[in-house]
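The values are calculated or read from the model by the stated rules, or taken from the named source; none is laboratory data. Just so you know, these numbers come straight off a predicted model, no measurement behind them. We place every Cβ from the backbone using ideal geometry, glycine too, and count neighbours over all the protein chains shown. All accessible areas refer to the heavy atoms of the entire protein, side chains included, with ligands and DNA or RNA removed. Shrake-Rupley method; radii C 1.70, N 1.55, O 1.52, S 1.80 Å.
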Amino acid sequence: MSVQELVVRRGRRSGVTTMVAVHSSTLGPAVGGCRFKVYPRVHDAIDDVLRLSAAMTRKCAVAGLDFGGGKSVVALDGVPSAELRREILLDHADLIASLDGAYLAGPDVGTGPADMLVLRERTPHVFCLPEEHGGTGSSSGPTAVGVLAALRAGARAVFGDDGMEGRKVVISGYGSVGAHVAGALAAQGAEVVVSDVDERRLAAARRQGLSVVQPEKVLGTEADVLIPAAVGGVFGPGTEVAAPLVVGPANNQLTDDTVADDLAARGVLWIPDFVASAGGVVYTLGREKENLTHAEALTRVEALEKTTREILDAASANGTTPLAEADALAEARLTSGAELRTPSPREPRTAA
């Protein structure tokens, strides 16, 4: 499915280019994080926002959410000062506001709850505000809970049980989600090895008693489980993978969907990232849009284990891949939603 709407605009305060992609509103308003990142070219940022918004459509559909997929990107050419950062965020907030609720923004790479509070100054269409301001704060914890739920289903498929004691787990990326996952698995008795490009994060991992490996060696490290929790585009045709189970929260892990077939042919069970990473959006929307309690929202996140198990069972029964079955599940829900709801998509446009 092609993008429904792409808006690109140069901020009147900052002069920085920001953009929003609404990939689908078939199931409801588009949701997705705001990525604050340095890009070599604006076209690279546009490619990124389009890919990420499509992944959000899949994520929301598979997770059973009544929301569509969207994403926004701030295309930086360098690290801004604190004053310029605020101006950029206000410019981006104006862009979001101009979409009249067609897109709801949350944190993503480079942004957090405090940035969402700045966006809220110009638009109400923001979630994950700091808890002291009525939001749910960071979604890293619930995202990690979702990854662990998907991991349990994957472990049963590969190892016959979901116990982690004595299993070696390599985590690529020791950011907020990776650190949550690492701590939980270490508590379960797993041998946890982490990698990150930031030496400060590696030092923090060592202080937690975890082993570390340099980023260039992470994919070739023999392990039971590999958890990609950093950047996307990790796996291409023929990429070395030294673990039989791959499940993690990094978005767009494959350079191309055909890589899923390549991994399967080599005996690697790869659980689609848009399945494993859905915990954050499931929790946040449950709390902020449906007024669920913390416990009720976490129960919905834990249900990702059942969803993952059903996808893996279907792949085994049909001789396909988990990606093929997850896509089929998403497409079925989108088709059903289109029949039940008559969307009124905004006219696609690109503004400079």
Hey, can you tell me all the residues within the range 187-220 that are over 23 Å from the mean Cα position of the chain (by Cα) and closer than 20 Å to residue 276 by Cβ? 187, 188, 190
Residue match in the range 326-334 (condition: surrounded by 20 or more Cβ atoms within 10 Å (Cβ to Cβ), closer than 24 Å to residue 140 by Cβ and without any contact (Cβ under 8 Å) to a residue 60 or more places away in the chain): no
For the subset of the range 104-132 comprising residues that are outside any loop (DSSP other than H, G, I, E, B) and in contact with a Cys (Cβ under 8 Å, 6 or more places away or on another chain), which member is nearest to residue 72 (Cα to Cα)? 105
I need every pair where a residue in the range 1-21 that is closer than 15 Å to residue 100 by Cα has its Cβ under 6 Å from the Cβ of a residue that is part of a strand (DSSP E or B) and basic (Lys, Arg), sequence separation at least 6 or different chains. 21/71
Selection from the range 110-132 of residues that are under 16 Å from residue 20 (Cβ atoms), surrounded by fewer than 19 Cβ atoms within 10 Å (Cβ to Cβ) and within 21 Å of the chain's Cα centre (by Cα): 110
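Is one or more of the residues making up the range 75-84 open to solvent by 20 Å² or more (accessible area, probe 1.4 Å), of a type in the set (A, V, I, L, M) and free of Cβ contacts under 8 Å to residues at least 24 places away in the same chain?
Yes - at least one qualifying residue is present in the range 75-84.
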Please enumerate the residues belonging to the range 33-45 that are open to solvent by 30 Å² or more (accessible area, probe 1.4 Å) and within 18 Å of the chain's Cα centre (by Cα). 37
Could you count how many residues in the range 262-292 are over 19 Å from residue 227 (Cα atoms), hydrophobic (A, V, I, L, M, F, W, C) and more than 13 Å from the chain's Cα centre (by Cα)? 3
Consider residue 135 carefully, then state whether it is under 21 Å from the mean Cα position of the chain (by Cα) and surrounded by fewer than 17 Cβ atoms within 10 Å (Cβ to Cβ). no
Hey, does the range 12-32 have a residue that's open to solvent by less than 10 Å² (accessible area, probe 1.4 Å), of a type outside the set (A, V, I, L, M), touching a helix residue (DSSP H, G or I) at 6+ places or on another chain (Cβ under 7 Å) and over 30 Å from residue 310 (Cα atoms)? yes
Could you give me the residue pairs with C-beta distances under 7 Å whose first residue belongs to the range 177-197 and is in contact (Cβ under 8 Å) with a residue 40 or more places away in the chain, whose second residue is crowded, with 17+ Cβ neighbours inside 10 Å and not aliphatic (A, V, I, L, M) wherever it lies, and which are 6+ apart or on separate chains? 177/140; 177/143; 177/249; 180/140; 180/141
Could you say whether any residue in the range 106-113 is hydrophobic (A, V, I, L, M, F, W, C) and either in contact with a His (Cβ under 9 Å, 6 or more places away or on another chain) or at pLDDT 95 or above (or both)? no
